[in-house]
Amino acid sequence: MRKGLFALAAVGLLATGSMAACGSSEDGGDAGSGSTSGASAGKVGVILPDTKSSARWATADLKYLTDAFKAAGVEADIQNAQGDKTQFQTIADGMISSGVKVLMIVNLDSGTGKAVLDKAKAAGIATIDYDRLTLNGGADFYVSFDNVEVGKLQGQGLIDCLTEKKATKPVVAYLNGSPTDNNATLFKEGYDSILKPKFDANEYVKGPDQDVPDWDNVQGGTLFEQMLTTNKDIKGVLAANDGLGNAAIQVLKKNKLNGQVPVTGQDATVQGLQNILAGDQCMTVYKAIKDEADAASELAIALAKGQAPTSATGTVTDPESKKDVKSVLLKPQSITKANVKDVVADGFVTKEELCTADFAKACTDAGIS
């Protein structure tokens, strides 16, 4: 049972019922077709982005969204575009043609996302941007975390780790997320706001600063290897998520620098948490994905049932259209070795997944029981 560690920044979420459910599927089929329990509600379509940029899309979001729609007795078609923009549009066309009442998307980029949202709106379908805001997309609702705050936690985490290591004028390298993902822009806004005063005061030295296309971990590793080859003095790495953090750590291991150069992350993946327990990663940012999925599904369920959602009490201004989007934003939390146990206690990862033989002692030392 989750312990509710992470509160919503926007309150008043609609309660969902416990009626018998129609299902949803990862590969595009309607697992609930043939059931009549959701007959009074419209169908919901959900398009997730990929399974490469982060494990969360397959291991967390799919599960939590599926469970929420089943609990409410609302039919849902949940598919993953696997990073393919053409496939993303094809899936959307199929969902729109099938008569979904609500379409929820995690865009691959704002251009593709806007095209899909425009088609949905033209068909009278309610739209939700999930996790990533589609710039100039005009979605009816947006559900995510406070992504500038995510970046601030990363920046402060790196400062804390460099301070602990008594680093003097450390060179800090950036491995940013995808330039087509507005979240990556917001993360960088956050960590820049924390680290820039250090650069301006000549306490830290700004090192290489690279965006990683499509959050691709292989490219991230290649880029970081190039950074380290040309700048041996890198003493800190602001990696935008755990996958990119691990890519940097593998390069540092090859150079026998792992554990000496602090590396940040995000998403509290099993791999990221294990890297923290091993001392190779400085910190990660935990975003309680169940809370995000529950918030988004509750909006979608209300819309599918023809009800007026009451939970989106906040707004986010689209930086391109300058229009306000009704939003639910959630609060992230910084995770270090001292509180890895909180992620396990919250049910996001299990002790069995995390505390394999190589990490059993580290888990015990970290208070994971």
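General observations
- For segment 220-261, the tally of residues that are polar (S, T, N, Q) and part of a helix (DSSP H, G or I) stands at 6.
- Segment 37-50 residues that are farther than 29 Å from LEU108 by Cβ and outside any strand (DSSP E or B), paired with ones that are of a type in the set (D, E, K, R) and modelled with pLDDT of 95 or more (beta carbon under 8 Å, 6 or more apart): SER40/LYS305
- Yes/no for ALA167 being within 20 Å of LEU252 (Cα to Cα), at pLDDT 95 or above, surrounded by fewer than 21 Cβ atoms within 10 Å (Cβ to Cβ) and aliphatic (A, V, I, L, M): yes
- Every condition in (1) more than 21 Å from the chain's Cα centre (by Cα); (2) closer than 29 Å to GLN333 by Cα; (3) not charged (D, E, K, R) holds for LEU135 except the one numbered (1).
- Members of segment 349-360 that are crowded, with 16+ Cβ neighbours inside 10 Å and assigned to a helix (DSSP H, G or I): LEU354, PHE359
- Some residue of segment 288-306 being out of contact with any helix residue (DSSP H, G or I) (no Cβ under 6 Å at 6 or more places or on another chain) and open to solvent by 40 Å² or more (accessible area, probe 1.4 Å): yes
- Annotation note: Cβ proximity below 9 Å between a residue of segment 93-108 that is farther than 20 Å from TRP215 by Cβ and a residue that is among the β-branched types (Val, Ile, Thr) and part of a helix (DSSP H, G or I) (sequence gap 6+ or interchain) occurs for ASP93/VAL116; ILE96/VAL116; VAL102/ILE301; LEU103/ILE96; LEU103/VAL116.
- Residues located in segment 49-58, provided they are out of contact with any Lys or Arg (no Cβ under 9 Å at 6 or more places or on another chain), within 19 Å of ALA293 (Cα to Cα) and either of a type outside the set (Gly, Ala, Ser) or modelled with pLDDT of 95 or more (or both): ASP50, THR51, TRP57
The values are calculated or read from the model by the stated rules, or taken from the named source; none is laboratory data. On a predicted model such as this, the values are computed, not experimentally measured, just so you know. Positions of Cβ are generated from backbone atoms using ideal geometry, with glycine treated the same way; all protein chains shown enter the neighbour counts. Protein only, heavy atoms only, side chains kept; ligands, DNA and RNA dropped before computing areas. Shrake-Rupley method; radii C 1.70, N 1.55, O 1.52, S 1.80 Å.
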